[in-house]
Amino acid sequence: MIDFSPWDELAFGIRVGNLSDCSAATLNAALVEAERSVLCVKVKPLQDTRLLHEHGFYYCDTLLTPQTSREHFKPILHPDATLGKPISTEPMLELAQSAFTHSRFHRDFNIPPALANLRFRNWLEQLIAHDSVFELNWQGAFAGFIGYQDNRLVLHAIAEPLRGQGLAKYWWSLAGLELLKKPEQTLQSSVSASNLSVVNLYASLGFRLIDACDVYHRHPAPTVQTHSHGESIL
């Protein structure tokens, strides 16, 4: 009923468990972990959440699932925008520590922003280790990264000087074309409903929203303890 995330524990210094559902049976079974773990659960937006509130859970974010296919993908290309494999990972790791302000962990008032940043740096390290990251370049210079798992774009960021210029569609187009070469017939991602610029980006490339869920967290204490940076695991 609880799937623990060792990579989140590495960043937050406390066990982090994802509940399979918010039924009374699952919530009651989770009570033994509730005072020593951060608990997370995803539910449908119209689902009754009374039991969640009674068990100390609170709303953090709404996640949307954009999806497209080879048939419906609408790539937009630019000669100055290219993809490559990482040569130096440090610019990516530095960017990962400041780029994810829309995440549910950054929106959770019980998690210090520095630890939320560390969580995403660790995740990026894991993706790099598994050769699952595209480096983004603009006119030959570093511009950001896109991390992926199978047919999903899971972690991506653009360097701050290049944001707000409408350039993201070029790199997302290249990444989509590359990943749609694989046997999977579809390409998916996940985006916070609060991140309207990325929601609009996916719409412009032929993605449609196929699912939504609300994310709730529960903490055993008002704040999460601090934790130093360690080796990444998956």
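No value in this document is a laboratory result; all are computed from the given coordinates. All values derive from a computational prediction rather than experimental measurement. Every residue, glycine among them, receives a Cβ derived from its backbone with ideal geometry; neighbour counts consider all protein chains shown.
Quote to one decimal, in nm, the extra length available between Ile76 and Phe4 on full extension: 0.36 nm per residue of separation minus the C-alpha distance between them. Let's see the in-between values first.
Working: separation 72, 0.36 × 72 = 25.92 nm, distance 3.92 nm.
Result: 22.0 nm gained on full extension.
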Longest site-free stretch - the chain; sites: GluC sites (Glu not before Pro), DSSP loop, at most 16 other Cβ within 10 Å: 72-183
Those aspartates and glutamates that a straight Cα-Cα span of less than 17 Å connects to Lys169, excepting residues fewer than 8 apart in one chain: Asp80, Glu135, Glu160, Glu178
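Using R₀ = 35 Å, calculate the FRET efficiency as 1/(1 + (r/R₀)^6) where r is the Cβ-Cβ separation of Ser98 and Lys182; round to 0.05.
Approximately 0.70, to the nearest 0.05.
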Net charge, Ala203 excluded, C-beta distance under 14 Å - Lys, Arg +1, Asp, Glu -1: +3
Gyration tensor over alpha-carbon atoms, the stretch 1-119, equivalent ellipsoid semi-axes in Å: 33, 21, 13
Kyte-Doolittle mean at least -1.0, axial Cα span of 18 Å or more - DSSP H helices of the chain: 113-129
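For the stretch 65-209, what's the relative contact order in percent, using C-alpha pairs closer than 8 Å and at least 6 residues apart?
Relative contact order comes out at 39 percent.
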For the stretch 2-64, alpha-carbon Rg relative to the globular expectation (2.2 N^0.38 Å, N residues): 1.11
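Can you give the net charge of the other residues whose Cβ lies under 15 Å from the Cβ of Val191, counting K and R as +1 and D and E as -1?
Cβ neighbours under 15 Å give a net charge of +3.
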DSSP loop trypsin sites (Lys or Arg not before Pro) with at most 12 other Cβ within 10 Å excluded, longest remaining stretch of the chain: 37-180
Debye, to nearest 20: dipole size of the stretch 1-113, +1 on Lys, Arg Cβ, -1 on Asp, Glu Cβ: 280 debye
Inter-label distance for Leu46 and Glu160, nm, one decimal - labels placed 7 Å from Cα along Cα-to-Cβ: 4.3 nm
Proxy reagent accessibility, fewest Cβ within 10 Å first, across Asp21, Asp8: Asp21, Asp8
Cα pair distances of the chain binned at 10 Å [whole percent]: 7, 30, 35, 21, 7, 0
